[in-house]
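For reference, the structure is listed below as structure tokens.
The values are calculated or read from the model by the stated rules, or taken from the named source; none is laboratory data. Note that the structure is a prediction, hence the values are computed from the model and not measured. Positions of Cβ are generated from backbone atoms using ideal geometry, with glycine treated the same way; all protein chains shown enter the neighbour counts. What goes into the accessible areas is simple: the full protein's heavy atoms, side chains included, and nothing from ligands, DNA or RNA. Shrake-Rupley method; radii C 1.70, N 1.55, O 1.52, S 1.80 Å.
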Amino acid sequence: MKVVKYASVEKLYKQFPAIRQQDVKEFDQWVQTQAHLPPVSELEIIQFIQSNDYDIEAAKRTAEAFFTFRSNYKDFFNDRDIFSAPIQRSMDVLSLVILPDLTPMGYHVMLAKIVDSDPSKFNLATLLKLAFMCVDVNLWEQGCTEGFILVIDMNGLHLGHFPKLGIFTLKNFLYYIQEALPIRLKGVHLINVVPFIDKIVAMIKPFMKKEILEIFQLHQQEDTLYPYIPQDVLPSEYGGKAPSRLILTKQLFDKTMELRDFILEKERTQKVDENKRIKTRSLSNMFGLF
């Protein structure tokens, strides 16, 4: 089984000196009191703390949300076999890249685009399942970053996709990236927006926190994106100096496929045991989901 080359925690302590080993130790001691949680590595603890700007209590809430959501929300985090037929089909529908160069602020950029515009092949939950596997690999390898920017190129979407978006899928996607994913989300940009973008915004806006609304931007064209992400950072299809979107997508998907067994083992071992939770709380009460 090929395994991930995890980010070096020693390097992360040097890169982010505000991460104190005493805080990491305190967090680990807290984990030991939470019998329902799976083992949490030092790297994961560092990610929870750094992504919450070193607020330990907020980091604990993120960890709780992270493991509980991933254990219980099956549409995104169950049967994550990248060689399964549904996910393989999704790889023909979705182009997903993490750009090799950072923005001037030191942010990583993830760019997503639908490349097969046939709505009959569009399954948002499966596309997100694939995307989150790729994000997992990136987080394991990179450790912590100054921030992440998500760019969604809407070119290729049309009105036939709208009924297939699914309000609950969108709600749970937004919950996960806002409350559970240990990253600093610094921007969400929709480019080449479709004529029915107002309908999409009306669907998702009730589930977006104030902090996300403040970094949520719509762009009729690509050039208004450049103040946030310089054109040079983008793939060649967008006039940038990065390799083509096709090459970058293949690299990301190939790496994720190589780690298929590792990802499945992570899925098996990082479950919350609800029978051991000290205070019984349903998912709906905890997170307002479903």
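Per-structure values
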{"item": "Subset tally (residues that are over 16 Å from residue 153 (Cα atoms) and not β-branched (Val, Ile, Thr)) for the range 93-117", "result": "8"}
{"item": "Residue that is most open to solvent (accessible area, probe 1.4 Å) [pool: residues in the range 223-238 that are in contact (Cβ under 8 Å) with a residue 60 or more places away in the chain and in a loop (DSSP other than H, G, I, E, B)]", "result": "228"}
{"item": "Residue match in the range 125-137 (condition: assigned by the TED database to the domain that holds residue 253, acidic (Asp, Glu) and within 12 Å of the chain's Cα centre (by Cα))", "result": "yes"}
{"item": "Residue in the range 137-145 that is under 28 Å from residue 10 (Cα atoms) and of a type in the set (Asp, Glu) present", "result": "yes"}
{"item": "Test set (1) more than 20 Å from the chain's Cα centre (by Cα); (2) part of a helix (DSSP H, G or I); (3) among the aliphatic types (A, V, I, L, M) - residue 212 fails condition number", "result": "(1)"}
{"item": "Qualifying residue in the range 189-203 (condition: assigned by the TED database to the domain that holds residue 100, β-branched (Val, Ile, Thr), in a loop (DSSP other than H, G, I, E, B) and more than 17 Å from the chain's Cα centre (by Cα))", "result": "yes"}
{"item": "Where residue 278 falls short, out of the listed (1) modelled with pLDDT under 90; (2) more than 29 Å from residue 35 (Cα to Cα)", "result": "(2)"}
{"item": "Filtered residues of the range 76-92 (kept if surrounded by fewer than 18 Cβ atoms within 10 Å (Cβ to Cβ), within 22 Å of residue 115 (Cβ to Cβ) and free of Cβ contacts under 8 Å to residues at least 60 places away in the same chain)", "result": "84, 85, 86, 88, 89, 92"}
{"item": "Residue that is nearest to residue 92 (Cα to Cα) [pool: residues in the range 163-188 that are assigned to a strand (DSSP E or B) and not basic (Lys, Arg)]", "result": "188"}
{"item": "All positions within the range 3-51 that are touching a Gly at 6+ places or on another chain (Cβ under 8 Å) and open to solvent by less than 60 Å² (accessible area, probe 1.4 Å)", "result": "7, 8, 9, 12, 43, 46, 47"}
{"item": "Residue within the range 74-91 that is small (Gly, Ala, Ser) and closer than 16 Å to residue 263 by Cα present", "result": "yes"}
{"item": "Residue 100 vs. criteria more than 18 Å from the chain's Cα centre (by Cα) and farther than 21 Å from residue 215 by Cα", "result": "no"}
{"item": "Residue in the range 118-162 that is nearest to residue 44 (Cα to Cα), counting only those that are open to solvent by 20 Å² or more (accessible area, probe 1.4 Å) and part of a strand (DSSP E or B)", "result": "150"}
{"item": "Total residues in the range 245-255, condition over 18 Å from the mean Cα position of the chain (by Cα) and within 16 Å of residue 152 (Cα to Cα)", "result": "2"}
{"item": "Count - residues of the range 52-66 that are among the β-branched types (Val, Ile, Thr) and surrounded by fewer than 19 Cβ atoms within 10 Å (Cβ to Cβ)", "result": "1"}
